[in-house]
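Asks: Dropping a structure here in structure tokens format, bear with me for questions.
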Amino acid sequence: MARAVWSGVLTFGLVTVPVQLFSATDSHTIHFHQLQRGTSDRVRNKRVNERTGDEVSLEEIVKGYETGEGEYVIVEPEELDDIAPGRSRSIDVSGFVDLKDVQPVFFDKTYYLGPKGEEYGKVYALLHDALAKEDKAGIATFVMRNHEYLVAVKAEAGILTLHTLHWADEVRDPRKEIEALPARRKTSERELSMARQLIDTLSMNWKPEDWHDTFQEKVAALLKAKQEGREVEKTSPPPKSTNVVDLMEALQASVEHARSPKASKEKATAPGAGRTTRSKSGSGKKRTSPAQAPKKSDLEDLTKAELYRRATDADVQGRSSMNRHELINALARSRAPHKARAA
């Protein structure tokens, strides 16, 4: 059972409900210790007085705001608590806005908001149902750990969620931050039509459980390989940028490759894509020509981009997250059944 990271009251109008805040997400990042090279000695960070070199305990540390060289205004932790709005224990909803009006760039972190007891369930459920019906979010502020947050309270799948938001002056203007950002350019109807076809062809249902952190898996594989004294294949370099001159050709090829798994195998045109032919008996059964089923050694000479195109034509599942070595093995396995039938 998760522990609440904050508890207090949620207020909207003259209605108040005691609530608790729980982290909605967790990190699966693999953590490393710092070691001195060539040893197993841990390297630790310490709080050290830069003048004396002595270590300082946490209880002796206070906050200081520099007003001049070597001059500070000292602030004790309890002094920050004394001036916190609502004394750090109130989420005050100022009003309600349409969800579509809050741009994604403003959203930061998500928390689950739960009632502090069963006796507050009715008020909690009432706010949830009202927000869900109106498709609105409550905009509020509250203080947690000596920081004031701007938040949006939303109804999601039977529970209230609290999303911390960036303040307006924290969101950067992309036109000022990105020097190479081009001026608005007019695209041709042909290019736009082909790009829309590609988006339509690659459209899919959002299933978050289908996605996983492949980098962390590779880090785990690296650690295991090093423990066993094995080497791990390096990832292929990123693909080259698309030349503007070849844009239409790249779009056309992308659409064709994206559509190929949905089309019949007879329409696959890439080399070694497992094209099928009709048998001489005219029975309508399909078989694969042995000459078109490359050996694993033949695949070794192909680039990762070429391997990926073949994997797309062969409808290899999970190809988007595979490295070069995994693509070769998957393609070799996908050929095996066809070879057996061809025999």
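Asks: Can you pull out the residues in segment 69-94 that are of a type outside the set (G, A, S), in contact with a Ser or Thr (Cβ under 8 Å, 6 or more places away or on another chain) and in a strand (DSSP E or B)?
Replies: V73, I91, D92, V93
Asks: Would you confirm, using the coordinates I've provided, whether Y112 is buried (at least 16 other Cβ atoms within 10 Å of the Cβ) and within 27 Å of the chain's Cα centre (by Cα)?
Replies: yes
Asks: In segment 120-155, which residue that is among the basic types (K, R) and surrounded by 15 or more Cβ atoms within 10 Å (Cβ to Cβ) is nearest to V97 (Cα to Cα)?
Replies: K136
Asks: Continuing with the same structure: Kindly check whether there is at least one residue in segment 51-62 that is within 23 Å of M144 (Cα to Cα), of a type outside the set (D, E) and surrounded by 10 or more Cβ atoms within 10 Å (Cβ to Cβ).
Replies: There is at least one residue in segment 51-62 that is within 23 Å of M144 (Cα to Cα), of a type outside the set (D, E) and surrounded by 10 or more Cβ atoms within 10 Å (Cβ to Cβ).
Asks: Which of the residues spanning segment 29-73 are touching a residue at least 12 places away in the same chain (Cβ under 8 Å) and among the charged types (D, E, K, R)?
Replies: R47, K63
Asks: Still on this model: Looking only at segment 95-109, count how many residues are part of a strand (DSSP E or B) and either under 30 Å from the mean Cα position of the chain (by Cα) or at pLDDT below 80 (or both).
Replies: 6
Asks: Name the residue that is surrounded by the most Cβ atoms within 10 Å (Cβ to Cβ), counting only residues in segment 9-22 that are aliphatic (A, V, I, L, M) and either touching a strand residue (DSSP E or B) at 6+ places or on another chain (Cβ under 9 Å) or not in a loop (DSSP other than H, G, I, E, B) (or both).
Replies: Taking the candidates together, the pick is L10.
Asks: Hey, among T110, T161, which residue is under 20 Å from F22 (Cα atoms), touching a Lys or Arg at 6+ places or on another chain (Cβ under 7 Å) and assigned by TED's automatic domain parsing to the domain that holds V15?
Replies: T161
Asks: Taking segment 24-68 as the search range and keeping residues that are in a loop (DSSP other than H, G, I, E, B) and among the acidic types (D, E), which one is nearest to the chain's Cα centre (by Cα)?
Replies: If we take residues in segment 24-68 being in a loop (DSSP other than H, G, I, E, B) and among the acidic types (D, E), then D26 is nearest to the chain's Cα centre (by Cα).
Asks: Just checking, does segment 260-282 include any residue being assigned to a loop (DSSP other than H, G, I, E, B), on the phi > 0 side of the Ramachandran plot, loosely packed, with under 15 Cβ neighbours inside 10 Å and modelled with pLDDT under 60?
Replies: Yes - at least one qualifying residue is present in segment 260-282.
Asks: For segment 23-37, indicate whether the set of residues that are aliphatic (A, V, I, L, M), closer than 30 Å to P208 by Cα and either surrounded by 10 or more Cβ atoms within 10 Å (Cβ to Cβ) or at pLDDT 90 or above (or both) is non-empty.
Replies: Yes - at least one qualifying residue is present in segment 23-37.
Asks: Being among the small types (G, A, S) and in contact with a Pro (Cβ under 9 Å, 6 or more places away or on another chain) is the filter here; which residues of segment 84-134 pass it?
Replies: Result: G117, G121, A125.
Asks: Go through segment 156-181 and give me each residue that's within 17 Å of L99 (Cα to Cα) and within 22 Å of the chain's Cα centre (by Cα).
Replies: Correct list: E156, A157, T161, L162, H163, T164, L165, H166.
The values are calculated or read from the model by the stated rules, or taken from the named source; none is laboratory data. The structure presented is a predicted model; accordingly, all values stated were derived computationally and were not measured. Backbone-built Cβ (ideal geometry, glycine too); neighbour counts: all protein chains shown.
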